[in-house]
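A quick write-up on the structure given underneath.
The values are calculated or read from the model by the stated rules, or taken from the named source; none is laboratory data. Quantities reported herein were computed from a predicted structural model and do not represent experimental measurements. As a convention, Cβ positions derive from the backbone with ideal geometry for all residues, glycine included, and neighbour counts pool all protein chains shown.
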Amino acid sequence: MTASFGDLNPPPRLIMGPGPVDADPRVLRAMSMPLLGQFDPAFTAYMNEVMALYRQVYQTKNKWTFLVDGTARAGIEAILTSLIAPGDRVLVPIFGRFGHLLAEIARRCRAEVQTIEAEWGTVFDPGQVEDAVKTFKPRLIACVHGDTSTTMAQPLEEIARIGHRHDALVYTDATATLGGMDVAVDRWGVDAISAGLQKCLSGPPGSAPISFNERVAERINARKHVEQGIRADGTVEGNGPIIQSNYFDLAMLMDYWGESRLNHHTEATSMLYAARECARIVIEEGLAARVARHETGSRALVAGLQAMGLTIFGDSKHKMPNVTGIVIPPKIDGERVRGELLNDFGIEIGTSFGPLKGRIWRIGTMGYGCQKRNVLLCLAALEAVLRQQGYAAKPGAGVDAALAEYRQAEK
Ligand SMILES: *Cc1c(COP(=O)(O)O)cnc(C)c1O
């Protein structure tokens, strides 16, 4: 018997959640290009272009800037698994869901993990991190940059300095911020960083651009053990304990992306095309212009929501410009609002996790999706849906206030 399902025909949506978001059509087009063999010189040239492009996106000179195949979490696991040897001390400052994820992955790497926690909706004062570093003496500090679960972004420059003063490496998860906020790897002094395509880079989930410096490479290469079947004469192996994962072994991935082009997994061809196009779009727009576009989008959305009498969640000084948390008003059924936005308007917005589940909605203004018309459509639709539940904002107030912000920015 043959199963007969129809052609793929996804319903039209405007994805205004905290990620994944709508892909830039240019990225989808790049993904439909013909495949190449992984050692075809045309393909390895694309691999090198991807490295050069992401050095620009990450604002770094790091040689080791390449893709890990898999969603953002694959980048996180590759770095943590390759860097953390069993028994290593790792400090994780947690200010949202993804901080808990870093701590969990570090524990799976059999690190001795210490966490410090900031209330959701706030970030850390660098002094709090330094106090913990002084007593715990970690080898690694792992800290999220922007945590979409709370909409907060942790300033990292001072944390990187603290790490270096106390001989700890600093890793950050910039999945939610790369391409939407300033992410300056070299200027900040962050040692290792990872991201994914499906937030402000406006690609599909499935590729994780990462970057790390020579200090990180050295520590990883000390644990290098090359697969027997591909080991070449003269391979230098490390003395350190073997990296637990083969797929995420960055020592072997350096050999794959580096000059020796030693075979490892089959690079995900179409995802590499996607990642390449995502970065090209960012560079063409310009990093500063792109950050400014996200800031304007955030200001307009916030102005619109406030004009509707809604309360923005969290510390406004540290709010990410690409995602906005809204306190669900009393007596309003938050899930019903999300359902009606989706069913009546084709617009998806998010809720949150853990202590914020059912307490806030989250609206993303990320990458390709961060457009004036999307912000205005979203506000107009939200106003209508809220009115159905008896929440009476002044009609048109949200859209008018957002338009005023855009007019101001366009001057
Ligand atoms: C969205 C997000 C992720 C997502 O990880 P996936 O494996 O791609 O689902 C990771 N970290 C942060 C900070 C995020 O915002």
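Of a type outside the set (A, V, I, L, M, F, W, C), closer than 19 Å to Cys200 by Cα, within 16 Å of the ligand (Cβ to nearest atom) and assigned to a helix (DSSP H, G or I) - does that describe any residue in segment 36-54? No, that holds for no residue.
Looking across segment 189-199, just one residue is more than 10 Å from the ligand (Cβ to nearest atom) and either farther than 14 Å from Val144 by Cα or of a type in the set (Lys, Arg) (or both), and that is Gly189. Candidates Arg336, Arg299: the one that is of a type in the set (Lys, Arg), in a helix (DSSP H, G or I), at pLDDT 95 or above and loosely packed, with under 15 Cβ neighbours inside 10 Å is Arg336.
Within segment 207-219, identify whether any single residue is modelled with pLDDT of 95 or more, within 19 Å of Thr65 (Cβ to Cβ), among the hydrophobic types (A, V, I, L, M, F, W, C) and within 16 Å of the ligand (Cβ to nearest atom), and answer yes or no. For segment 207-219, residues modelled with pLDDT of 95 or more, within 19 Å of Thr65 (Cβ to Cβ), among the hydrophobic types (A, V, I, L, M, F, W, C) and within 16 Å of the ligand (Cβ to nearest atom): present. Contact map, segment 38-55: residues that are in the same structural domain as Cys278 (by TED's automatic domain parsing) paired with residues that are assigned to a helix (DSSP H, G or I) and among the charged types (D, E, K, R), Cβ distance under 8 Å, separation 6+ or inter-chain. Pairs shown: Tyr46/Arg276; Glu49/Arg276; Val50/Arg276; Leu53/Arg276; Leu53/Arg280. Taking every residue in segment 226-252 that is within 17 Å of Ala111 (Cα to Cα) and surrounded by 17 or more Cβ atoms within 10 Å (Cβ to Cβ) and pairing it with any residue that is among the aliphatic types (A, V, I, L, M) and at pLDDT below 95, at least 6 positions away or on another chain, yields no pair with a Cβ-Cβ distance below 6 Å.
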